[in-house]
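As structure tokens, the structure follows; a few thoughts come after it.
The values are calculated or read from the model by the stated rules, or taken from the named source; none is laboratory data. Since this is a predicted model, take the numbers as computed values, not measurements. Every residue, glycine among them, receives a Cβ derived from its backbone with ideal geometry; neighbour counts consider all protein chains shown.
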Protein chains: 2
Amino acid sequence: MHLAAFDEDIDPTEKFREFLQTKGMRLTPEREAVVTAVYATHDHFDAEQWVANLSQRGRKDGASRSTIYRTLSLLVEAGLLRRVARANDREVYEHDYGYPQHDHLICSKCGDMIEFANDVISETLEKVANAHGFRMSGHRLEVEGVCAKCLRPPQRSHRRLDMI
Amino acid sequence: MHLAAFDEDIDPTEKFREFLQTKGMRLTPEREAVVTAVYATHDHFDAEQWVANLSQRGRKDGASRSTIYRTLSLLVEAGLLRRVARANDREVYEHDYGYPQHDHLICSKCGDMIEFANDVISETLEKVANAHGFRMSGHRLEVEGVCAKCLRPPQRSHRRLDMI
DNA sequence: CTACGTGCAAAGCTTTTGCATGGAA
DNA sequence: TTCCATGCAAAAGCTTTGCACGTAG
């Protein structure tokens, strides 16, 4: 699946530097540490996860809590990250650059977030927005329910239902 | 537009009382004050709005902050309310009983929430969920962007752009 | 030398909770 | 008398901010 387009082949750090430049800001070692860290894998994450990780490291390899929060906001502004849901009262982030648009099924039992891509939804939203003269810049769709894994009755203890 | 179905013709307070009974709880004057208040109009609202309003009133006509928060959660459980978005760091609620399913366009300029109903979206979500063996219980869809009103250049002060 | 950045600690906010008091059944 | 409820004040928990100090250009 190759969805890369126009500017999506330069790496996130570079894209971030460009964004910062347009705002008269610099790509500091701390900011770079944050981009590198969050782009190392395509997992969903929240701010505290990286605070725990990055605020321990040496000076030029990590960043403080304040800097992490400030940088995450900048990354969202830059179009590199997307605030995609909320779990345990924390904002959940994910990459918004270099990956195809998608939404999530969120399991209320185990918290798992299952990604799915569906063109019908985005097309429909376009139409609805147009019909209202609304200029859509993005959306956030959280589908709540129980995932297949959690629906399967526990294998260990049979007959558990009888206990209820 | 008459969408009322099976049990949707008894009033919210009564439905709440039934729900509470199944949990061995009572419909107190405080709880009743909350249901009545939030069901008086079909507007979107957040908890603090009603804290400001109801916590001022006399004993049996209002409710304290704690009771309001606790009651709102019960109303969500009961299927009477739905947490539909988040604005200014507050949970936004709306009726989930007696009104057809819908989602929202949220203007990032003025904060306005425009309701829209679209069957294609719910149908698509059903399909996606089924395909993943996911039992969907609901969803939350927030479409971000700028509404028609805010897109129109301000009429009052012409040439405002020159001032920037 | 001037502006931008960082880190720390404190503040800000919404929402939740512990606890003592009060009331319904 | 036994639970369920309320209200108050405090706690919790994430995120933001004021401020003093550094440092790049």
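Overview of results
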read-out	value
Count - residues of segment A:126-141 that are farther than 14 Å from residue B:150 by Cα, part of a strand (DSSP E or B) and of a type in the set (Lys, Arg)	1
Selection status of residue A:108, in contact (Cβ under 8 Å) with a residue 12 or more places away in the chain, more than 21 Å from residue A:19 (Cα to Cα) and within 13 Å of chain B (Cβ to nearest Cβ)	yes
Which numbered condition residue A:162 fails, given (1) assigned to a helix (DSSP H, G or I); (2) modelled with pLDDT of 95 or more	(2)
Candidates B:9, B:43, B:89, filtered to the one that is surrounded by fewer than 16 Cβ atoms within 10 Å (Cβ to Cβ) and in contact with a Gly (Cβ under 9 Å, 6 or more places away or on another chain)	B:9
Condition check for residue B:99: at pLDDT 95 or above, aromatic (Phe, Trp, Tyr) and in contact with a His (Cβ under 9 Å, 6 or more places away or on another chain)	no
Wholly enclosed strands (runs of 3 or more DSSP E) of segment B:23-120 bearing at least 1 residues over 13 Å from the mean Cα position of the chain (by Cα) and away from DNA strand C (no atom under 12 Å from the Cβ)	B:103-107, B:113-116
Residue in segment B:141-155 that is under 19 Å from the mean Cα position of the chain (by Cα), within 26 Å of residue B:12 (Cβ to Cβ), within 7 Å of chain A (Cβ to nearest Cβ) and at pLDDT 95 or above present	yes
Residue A:47 within 16 Å of residue A:93 (Cα to Cα) and either more than 11 Å from DNA strand D (Cβ to nearest atom) or within 14 Å of chain B (Cβ to nearest Cβ) (or both)	no
Single unsatisfied condition, residue A:35 versus (1) at pLDDT 95 or above; (2) away from DNA strand D (no atom under 16 Å from the Cβ); (3) surrounded by fewer than 14 Cβ atoms within 10 Å (Cβ to Cβ); (4) of a type outside the set (Gly, Ala, Ser)	(3)
